[in-house]
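> Okay, handing you the structure first.
The values are calculated or read from the model by the stated rules, or taken from the named source; none is laboratory data. Being a predicted model, the structure only gives us computed values, none of them experimental. Don't worry about glycine lacking a Cβ; one is built from the backbone with ideal geometry, like all the others, and counts go over all protein chains shown.
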Amino acid sequence: MRPRSLFVVAAVLAAGVVAQAGPIQTLWDNYWSPAPGYDRLGYFSSEVSASVPDSFAGDDAIFAEPVRIQEIKWLGMRNTTYTYGSAEVVILDTSFNTLHSLTGLSFSSTTITDGAFPWGYTPYEGTVAIPNIDLAAGHYYFAVRLVSGTPQAPTGGRNFVLTTGNGTIHGGTMGVIRAPAFGAPNWTLIGNYFGSRPTEYAYRIRGEIIPEPAGLALLALGGLLARRR
Ligand SMILES: [Ca+2]
């Protein structure tokens, strides 16, 4: 290999190193405006080991570029007299096949002060960190639920995800639910669930945009240059 070819290869490798993902940012935002981001019109159970059978409520997100998922935020409400030891996350494709299922995740939450909140539970914003999950550009579903109690002290709380959008559907579809003990053993669009009102659920998907593989393009160019010499 000639020195110039070596230089091209070195430049290609350097470009690959430089092409790191960008800073963490909101990649998809279902929060209603104004803050705190829910529409006060509804909610759906999203919980495990609660005082009712397990359930999940999620919504879709569309990414125009490849992304690295690092964090999910959501708006929920819960009974704060119980503890919630961990969170669970699922990521589905558009056919509701499970792409990723994460359990035992630690999460943080911030109580929302809302004098107009109607349902007697405490509203909050939750945040769960995701171990970097890379997704190709496309259409996905995300859902988070809380596990009531801890292994040492199992309890029966209640946790819900709040609706958002005020009737406007965001992304490709309305929200989705799965409630095996309540007539929805498989993931179902909420509007198909016993005539429920079509709605959105308040999720915010955060992470990094993965840059286009400039390194690969340069590699092809480097190969061309090397062959021409
Ligand atoms: Ca949606």
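> Select, from PRO154, PRO198, PRO185, the only residue that is surrounded by fewer than 24 Cβ atoms within 10 Å (Cβ to Cβ), assigned to a loop (DSSP other than H, G, I, E, B) and either more than 15 Å from the ligand (Cβ to nearest atom) or among the aromatic types (Phe, Trp, Tyr) (or both).
Only one candidate qualifies: PRO154.
> For GLY191, state whether it is within 14 Å of the ligand (Cβ to nearest atom), over 20 Å from the mean Cα position of the chain (by Cα) and closer than 23 Å to ILE91 by Cβ.
Yes; evaluated as a whole, the condition is true for this residue.
> May I pose another question? Go through (1) touching a strand residue (DSSP E or B) at 6+ places or on another chain (Cβ under 9 Å); (2) over 22 Å from GLU200 (Cβ atoms) and name the single condition SER45 misses.
Going through (1) touching a strand residue (DSSP E or B) at 6+ places or on another chain (Cβ under 9 Å); (2) over 22 Å from GLU200 (Cβ atoms) one by one, SER45 breaks only (2).
> Yes or no: THR94 in a loop (DSSP other than H, G, I, E, B) and of a type in the set (Val, Ile, Thr)?
yes
> Looking at (1) surrounded by fewer than 19 Cβ atoms within 10 Å (Cβ to Cβ); (2) in contact (Cβ under 8 Å) with a residue 60 or more places away in the chain; (3) away from the ligand (no atom under 16 Å from the Cβ), find the lone condition where VAL147 falls short.
(1)
> Taking into account only those residues within the stretch 123-151 that are over 15 Å from the mean Cα position of the chain (by Cα) and in a strand (DSSP E or B), which is modelled with the lowest pLDDT?
GLY149
> Follow-up. Does ASN132 satisfy being buried (at least 18 other Cβ atoms within 10 Å of the Cβ), more than 16 Å from the ligand (Cβ to nearest atom) and touching a residue at least 24 places away in the same chain (Cβ under 8 Å)?
For ASN132, the condition - buried (at least 18 other Cβ atoms within 10 Å of the Cβ), more than 16 Å from the ligand (Cβ to nearest atom) and touching a residue at least 24 places away in the same chain (Cβ under 8 Å) - is not met.
> A further question follows. Working only within the stretch 157-181, note down all residues that are exposed (fewer than 15 other Cβ atoms within 10 Å of the Cβ) and over 17 Å from the mean Cα position of the chain (by Cα).
The answer is ASN166, GLY167, THR168, PRO180, ALA181.
> Oh, and also: Which pairs have Cβ atoms under 7 Å, sit 6 or more apart or on different chains, and link a residue in the stretch 178-197 that is in the same structural domain as LEU92 (by TED's automatic domain parsing) to one that is assigned to a helix (DSSP H, G or I)?
Qualifying pairs under 7 Å: SER196/ILE190.
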